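Worksheet for the structure shown next.
Nothing in this text is a laboratory measurement; each read-out follows from the coordinates by a stated rule. Please read these numbers as outputs of a predicted model, since none were measured by experiment. FYI the Cβ positions are ideal-geometry reconstructions off the backbone, even for glycines, and counts take in every protein chain you see.
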Amino acid sequence: MPTVETEHRQIVIIGAGPSGAIAAALLKRKGHDVLVIERQHFPRFSIGESLLCHCLDFVEEAGMLDAVNAAGFQLKTGAAFAWGEQYSTFDFSETFTHGKPTTFQVQRADFDKLLANQAALQGVEVRYGEAIVSVDIEQEKPWLDVRREDGSEYRVEADFMLDASGYGRVLPRLLDLEAPSNFPIRQAVFTHVEDNIDNPGFDRTKILVTTHPTKRDVWFWTIPFSNGRCSVGVVAAAEHFEGRTDNLDECLRGFIAETPSLAGVLNNAVWDTPARTIGGYSANVKTLHGPGFALLGNAAEFLDPVFSSGVTIAMRSASMAAALLHRQLQGEAVDWQREFAEPLKRGVDTFRCYVEGWYAGTFQDVIFHEASSPDIRRMISSILAGYAWDERNPFVSEARRRLKVISELCARTAS
């Protein structure tokens with residue numbers, strides 16, 4: 001057999017997206033040797049464009065906040081929800097958890113490149129255009145076989161691997177870790193437009209989440225950017241696409257035409273970018289960690305885009321894993337299940353509760369209820385801002401019970 005070109009690195013991170021860049025910078029700042037391997041070249045398109053406030057806590061921890069603040073991204077102050085004539089807003093300066101009061105809405109091609117560049121400026125080596133083709137965790141130290149764009153291959157032996165590959169889900173795929181999600185299969189169709197919004201009631205500092213007037217499990221996102229453009233998308237279960245055109249642009253605009261409030265907002269939009277689609281995106285895994293590896297963010301689990309939780313979960317997992325891995329590499333005994341998987345899952349399960357409630361309509365009843373108390377709205381606003389791990393918040397610590405009680409109360413008072 002020919003000799004395989006081999007190198008040893010302390011930490012290999014698969015993927016240079018937000019979780020990979022944050023984890024890499026945090027570990028490098030602790031003095032560790034970090035290599036990031038990224039299949040694509042940046043900038044590259046991605047959805048997940050409306051950040052939550054909690055994201056910026058990790059951006060700041062990684063020493064990147066000044067660069068993000070200076071980048072000219074669209075300021076985001078909260079979230080707005082529309083259904084027919086009903087309209088409800090949540091402001092991130094009014095939350096139960098005293099976190100950051102604002103965040104950003106970003107074109108991910110620019111945002112992800114900025115974070116990766118910031119990690120590189122801190123000394124992280126990032127290799128683009130390289131794909132992981134096989135992994136072996138049965139050795140004393142795990143190794144990865146990597147293929148360059150010219151077809152040549154090499155092997156990296158690592159002390160530890162972090163999978164931040166997002167939808168690519170490299171380790172779950174190669175190590176047979178994938179598990180079915182308990183969410184129904186849904187599809188998103190989306191694009192970017194030159195929005196030309198002149199509606200005086202439209203707030204560019206808030207994501208607009210619009211519910212279809214007759215199909216409450218169909219919803220739209222409208223995410224304004226700072227350059228006069230907007231991300232627009234529809235999310236629906238498979239049956240709602242039956243009988244519709246296969247032309248994605250016409251399909252998306254057809255859904256919008258059925259929703260007068262959103263059609264009015266986008267009345268002057270220039271549809272200059274072909275629509276894209278992603279389906280069956282909800283994912284799960286059998287385990288978040290194993291011998292010599294851990295999974296971050298979307299590589300491990302993705303719920304649903306409705307509350308923009310994906311990047312927050314990714315960054316939170318990166319911060320947690322980096323702290324734990326630093327301790328392990330210092331010779332300390334750590335428990336990845338108790339100290340990483342279980343606490344991360346508690347926040348994910350909080351988001352899961354409200355995602356399920358959204359599609360069931362119960363959480364929508366709460367959001368659109370006109371007489372909700374300011375205290376309850378602050379608790380909900382905290383979750384919408386990303387603070388789904390703050391168990392001082394009753395809507396986190398007792399998410400299912402609280403949502404059930406308050407939704408029943410809203411339904412009674414509305415009838």
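Computed quantities for the displayed model
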{"quantity": "Vicinal HN-Hα couplings computed from phi for segment 39-53 (Karplus, 6.51 cos²θ - 1.76 cosθ + 1.60; Hz; Gly/Pro x)", "calculated": "5, 9, 9, 9, x, 9, 6, 7, 8, x, 9, 9, 6, 9, 4"}
{"quantity": "Long-range amide H partners of G78 with built H, under 5 Å", "calculated": "F92, I207"}
{"quantity": "3J(HN,Hα) from dihedral phi, segment 104-119, Karplus parametrisation 6.51/-1.76/1.60, rounded to Hz, x for glycine, proline", "calculated": "9, 10, 10, 7, 4, 4, 6, 5, 5, 5, 4, 5, 4, 5, 5, 4"}
{"quantity": "Flagged links, alpha-carbon separation over 27 Å, of K141/K286; K286/K404; K345/K404; K76/K113; K30/K113; K30/K286", "calculated": "K286/K404; K30/K286"}
{"quantity": "Nearest-ten-degree value, helix 374-384 long axis tilted from longest Cα axis of the chain", "calculated": "40"}
{"quantity": "Cα-based convex hull volume of the chain per residue, rounded to whole Å³", "calculated": "148"}
{"quantity": "DSSP loop trypsin sites (Lys or Arg not before Pro) with at most 11 other Cβ within 10 Å excluded, longest remaining stretch of the chain", "calculated": "1-285"}
{"quantity": "The chain: antiparallel DSSP beta bridges as a percent of all, rounded to 5", "calculated": "65"}
{"quantity": "The chain: angle of helix 310-329 to the longest principal axis, Cα-based, in degrees nearest 10", "calculated": "30"}
{"quantity": "0 to 90° range, to nearest 10: angle between helix 248-257 axis and the chain longest Cα axis", "calculated": "30"}
{"quantity": "Lys, Arg +1 and Asp, Glu -1 on Cβ, resulting dipole of the chain about Cα centre, debye, nearest 20", "calculated": "700"}
{"quantity": "Stretchable slack from N284 to E342, in nm (0.36 nm times residue separation minus alpha-carbon distance)", "calculated": "19.4 nm"}
